[in-house]
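Report on the structure given below.
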Amino acid sequence: MYGNTPSSRETRKRLDAVVVGAGFGGMYMVHKLREMGLSILGIEAGSDVGGVWYWNRYPGARCDLMCIDYSYSFNEDIQQEWTWSEQFAAQPEILEYAKFVATKLKLREHFLFDTRVVRANWDDDQNVWIIETDRSEIFEATYCIMATGPLSKPKDPEIPGLDEFEGELYRAAKWPHTPVDFAGKRVGLIGTGSTGIQIVPVVAKQAKELCVFQRTPSYSMPMRNDKLDADYVAEIKRNYEGLRAAARNSALGGVRPSTTRPYFSLPPGQRRAVLEDCWKQGGHAVLGAFSDILTNPEANEQVAEFAREKISEIVKDPETAEALKPRGYPIFARRPCLDSGYYEAFNEPHVRLVDCLKEPIDRITETGLQTRDQHYDLDALILATGYDGLTGALLSFEITGRNGRKLSDKWKDGARSYLGLVMADFPNLFMICGPNGPAALSNIVTLDEQNVNWICDLITHMQDHELVTMEATQSAEDAWMETVFELAGRTLLAKANTWYVGANVEGKSRGLFMYTGGYLNYSNACEAAARSGYSGLSFAKQTEPA
Ligand code: NA7
């Protein structure tokens, strides 16, 4: 529908809705709005659909949620026609899936690819969003929907000398589209979050030497990924309806075993047996083993010690095992990692762990990396140093609401919104998987669908009642944030230095701004908000002054 041709201010295109981002949220949003008969334009920086799965092509990239959960439920044909090959799908398969959906639903024709939004300003007089791209195109839209993702702004480490490195430099989140061969090379990797932990076993198989520079160790559990056989797939396809319903009625938004049994309700021997069994099952089973791992510090520490013992069972060199053991923060307060041979890789003679807590990195040099103690000569350096999570993407360009209010100003002490979806002073602006919802803690595809459906119901309500603008009331936003903070105070999630709390970005306001009450409670809150006649929103009719 739209070519990538520049337009001047005089040739602004007027649309009902602009959707920013072609990840899972943006794709479904465009599909739904088109079904409602709205004129729409999607804008995406990548060259195709897929969002994080378009960009994150690093070796070993894989979803840590089962793909029967991490997939759309809204279209029965898609569910029946697409067949997953593995329990936890790898990036190429997830990207293929996104492309399959885009082709099947003819979504690409609504997107401008290779295009970034640089500015989105609300025009109080016209009641429109004015959206400007890096191609100097300008669009006007009644609704602006940010489907920009909670983890889409990668972050380089604050280490001097990054530009001086003359070897091959790779960023996990901006991986080349052509194959990278590490054979015969000395490779360095900085970062041991989910991303680094997925990269290590794969690169270890290729590289001549691999040095893993670890600052904070993560807790990781075995993924125990399986190929899916035909009978299993057929059974899933027969039962999708029930599985999706179960997912929507769960705390995660996915079918993962959970329990109401607190840790200390069992005698020590049985607790251990449960944990052993969960470890054998793999995936996130350990996280679901007891109801209070994230709330009871003593229970948490005992589960953490169990995970530390497992490291000693796997890693042969006691010093390396010790350095790999996370201490000083609760297990699962950092995103729990699922690995396929991470700890085992350190038993290989050419894989070395550098404990940057004892031996901090001083600088990157032309030929490698200088720590306090020595220089490591490297042919290639991989950065797996994380993201400016939750707010990074939305604050990376200018968003201005009513009366010239800047989003960067509104969020200077941390993100605030109503339900993670809408905000006071930012009329007709929606966020999919916004920072005050449960995005990072739930199955994001289930959440995408729930958010999009809620937004579409609200737009329908506005159309039915001839309402031209909506925004959150200040009191509803404040009350939602109180709920968010009250729930956050009950979990151990804030007790680690992670992107969850903004601790990984210098100068970022620190705090747990995410909704930690679980997917089901969150979606119930959204439903209640709609049922109340959207009492947390204020609306204006065309004839009323804005
Ligand atoms: P994470 O989980 O934020 O991990 C980033 C890693 O990079 C973490 O180990 C950091 O150590 C490390 N890091 C960052 N800067 C430095 C410097 N300067 N020196 C040494 N190490 C550094 O990001 P991921 O991409 O792995 O995972 C993000 C999410 O993707 C994950 O939660 C899943 O939801 C999927 P630090 O902890 O800061 O000491």
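Each value in this text was obtained by applying a stated rule to the coordinates, not by laboratory testing. What you see is a predicted model, and the numbers here were worked out from it, not measured in a lab. A quick note on method: Cβ atoms are made from the backbone with ideal geometry, for glycine too, and the neighbour counts reach across all protein chains shown.
Cross-link partners for Lys155 among the aspartates and glutamates, with Cα-Cα distance under 15 Å and sequence neighbours closer than 8 places in the same chain left out: Asp163, Asp388, Glu506. In this Cβ point-charge picture (+1 for Lys and Arg, -1 for Asp and Glu), region 302-347 has a dipole of about 260 debye about its Cα centre. Taking 7 Å steps out from each Cα toward its Cβ at Phe74 and Tyr232 produces label points 2.9 nm apart.
Rounding to the nearest 10 and keeping the result within 0 to 90°, find how far the Cα-based axis of helix 194-206 lies from the longest principal axis of the chain. Long axis of 194-206 versus the principal axis of the chain: about 50 degrees.
Take 76-84, 177-185, 15-23, 303-311 and order them by the average number of nearby Cβ atoms within 10 Å per residue, most first; the result is 15-23, 303-311, 76-84, 177-185.
So for the chain, averaging the separation of alpha carbon pairs under 8 Å that are six or more residues apart and normalising by length, what relative contact order in percent results?
Details: 1105 pairs, mean separation 104.4, N = 546.
About 19 percent, as a whole number.
With unit charges on the beta carbons (Lys and Arg positive, Asp and Glu negative) and the dipole taken about the Cα centre of region 363-439, which residue among Leu390, Ala380, Ala424 sits farthest to the positive side? Comparing the listed Cα positions along the dipole, Ala424 ranks first.
Multiplying the residue separation of Glu319 and Asp181 by 0.36 nm and subtracting their alpha-carbon distance yields 46.6 nm.
Just subtract the alpha-carbon distance of Ser396 and Ser535 from 0.36 nm times their residue separation and send over the number in nm, one decimal. Could the numbers behind the result be given before it?
Numbers: separation 139, 0.36 × 139 = 50.04 nm, distance 3.13 nm.
Extra length available between Ser396 and Ser535 comes to 46.9 nm.
Note on Arg224 and Glu168: with the Förster distance fixed at 41 Å, the Cβ-Cβ geometry gives a FRET efficiency of about 0.80. Only DSSP H runs of four or more residues enter the estimate; each adds -39500 (n - 2.57), and after division by the residues of the chain the mean residue ellipticity at 222 nm equals -9500 deg cm²/dmol.
Over region 444-546, what is the relative contact order in whole percent, taking alpha-carbon pairs under 8 Å and six or more residues apart? Before the final figure, lay out the partial values.
Details: 79 pairs, mean separation 39.4, N = 103.
With pairs under 8 Å counted, the relative contact order is 38 percent.
Placing +1 on each Lys and Arg Cβ and -1 on each Asp and Glu Cβ, with no other charges, gives region 313-438 a dipole about its Cα centre of roughly 980 debye. The alpha-carbon of Lys104 sits under 28 angstrom from the alpha-carbons of these lysines, leaving out residues fewer than 8 places away in its chain: Lys13, Lys32, Lys174, Lys227, Lys237.
Please report the relative contact order for region 88-199, taking Cα pairs under 8 Å with a sequence separation of at least 6, and give it as a percent rounded to a whole number. Intermediate values should be presented prior to the final figure.
Numbers: 57 pairs, mean separation 11.9, N = 112.
With pairs under 8 Å counted, the relative contact order is 11 percent.
Among the listed pairs Lys185/Lys310; Lys99/Lys153; Lys412/Lys495, those with a Cα-Cα distance over 26 Å are Lys185/Lys310.
Rounded to the nearest 20 Debye, what is the dipole magnitude of the chain about its Cα centre when Lys and Arg each give +1 and Asp and Glu each give -1 at the C-beta?
Working: 58 positive and 74 negative charges, 90 e Å.
Once rounded to the nearest 20, the dipole reads 440 debye.
Against the main long axis of the alpha-carbon atoms of the chain, helix 519-531 sits at an angle near 10°. What's the FRET efficiency of Ser265 with Ala479 using the Cβ-Cβ distance as r and R₀ = 30 Å, to the nearest 0.05? The formula returns an efficiency of 0.30 here.
Please work out how much length the chain gains when fully extended from Thr460 to Asn347, using 0.36 nm per residue of separation minus the C-alpha to C-alpha distance, in nm with one decimal. Before the final figure, lay out each step's value.
Numbers: separation 113, 0.36 × 113 = 40.68 nm, distance 5.85 nm.
Length gained between Thr460 and Asn347: 34.8 nm.
Ignoring aspartates and glutamates fewer than eight residues from Lys316 along the same chain, the ones with Cα atoms less than 13 angstrom from its Cα are Glu344, Glu348. Compared with the dominant principal axis of the Cα atoms in the chain, helix 474-488 is inclined by about 10°.
Estimate the FRET efficiency between Arg327 and Arg12 by the formula 1/(1 + (r/R0)^6), using the beta-carbon distance for r and 56 Å for R0, to the nearest 0.05. Show your work: numbers first, answer last.
Details: r = 57 Å, r/R0 = 1.01.
Calculated value: 0.50.
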